[in-house]
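See structure below.
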Amino acid sequence: MLQSKAIEMSGIGHVLIERSKRARRLNISVKPFTGVRVAVPYGLSFENAEKMALSKATWIKRHLDRVKEIEKIQAAISNDLPEIDRAFARKKLTQRLNKLARLYGFTYNRVFIRNQKTRWGSCSTRNNISLNMKLLRLPEELIDYVILHELVHTREKNHGKTFWAELNKLVGDSGELKSRLKGYSL
């Protein structure tokens with residue numbers, strides 16, 4: 001079965017149509033630096049997805065224009081930011097991780113400091129924690145939020161009610177911090 005297909009749409013350009021296990025219905029997204037994607041649930045044909053995308057061309061163009069502006073701004077900002085030294089990032093983030101883990105009684109296996117493009121952090125099933133070195137560009141309370149988010153995943157492997165209740169005990173209003181974090185670009 002075909003998993004993805006790229007099409008060219010007049011006035012829009014490249015559109016990726018992609019089969020998705022997570023999609024419950026057809027979903028069009030327009031994101032900075034990745035462009036237009038149509039998520040297609042199993043049971044729906046690529047032909048129907050393409051027709052739907054064509055019918056939403058005006059909506060896509062409007063959002064694509066906004067995204068282009070965001071890309072320009074983010075490109076200008078990232079050109080002004082100094083490089084982060086990986087060794088420095090490893091030292092600072094590992095120290096903070098260890099301090100918060102001790103303070104709240106968490107244990108983890110290993111820590112990795114990476115230069116990631118899509119995630120601030122992650123926790124594996126083996127409780128290995130990965131942190132993005134770009135965290136150092138964030139305010140301290142957001143760095144702590146990301147670290148604590150990953151530490152809570154050492155106990156709760158999903159984003160269910162128990163996970164959010166545990167995180168809220170540690171950071172207060174996790175929803176507010178999550179919203180603030182979305183204002184920062186990787």
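Quick rundown of the values:
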| item | result |
| --- | --- |
| Only listed residue being outside the structural domain of V36 (by TED's automatic domain parsing), β-branched (V, I, T) and touching a Gly at 6+ places or on another chain (Cβ under 9 Å), chosen from I113, I129, I143 | I129 |
| Some residue of the range 94-101 being without any contact (Cβ under 8 Å) to a residue 40 or more places away in the chain, β-branched (V, I, T) and under 22 Å from K117 (Cβ atoms) | yes |
| The listed residue being closer than 24 Å to K117 by Cα, modelled with pLDDT under 85 and of a type outside the set (S, T, Y), out of K5, K72 | K72 |
| Among (1) within 20 Å of K68 (Cα to Cα); (2) assigned to a helix (DSSP H, G or I), the one test that G11 misses | (2) |
| Filtered residues of the range 122-137 (kept if under 15 Å from the mean Cα position of the chain (by Cα) and either farther than 16 Å from F163 by Cα or among the acidic types (D, E) (or both)) | S130, L131, N132, M133, K134, L135 |
| Count - residues of the range 75-87 that are at pLDDT 75 or above, loosely packed, with under 12 Cβ neighbours inside 10 Å and part of a helix (DSSP H, G or I) | 1 |
| Residue list for the range 118-141, filter: among the aliphatic types (A, V, I, L, M) and modelled with pLDDT under 95 | M133, L135, L136, L138 |
| Criterion (in the same structural domain as P32 (by TED's automatic domain parsing) and either assigned to a helix (DSSP H, G or I) or over 22 Å from P32 (Cα atoms) (or both)) met by exactly one of K169, K134, K72, K92 | K72 |
| Odd one out for H159 among (1) over 20 Å from the mean Cα position of the chain (by Cα); (2) modelled with pLDDT under 95 | (1) |
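The values are calculated or read from the model by the stated rules, or taken from the named source; none is laboratory data. Fair warning: this is a prediction, and the values are worked out from it, not measured in the lab. Backbone-built Cβ (ideal geometry, glycine too); neighbour counts: all protein chains shown.
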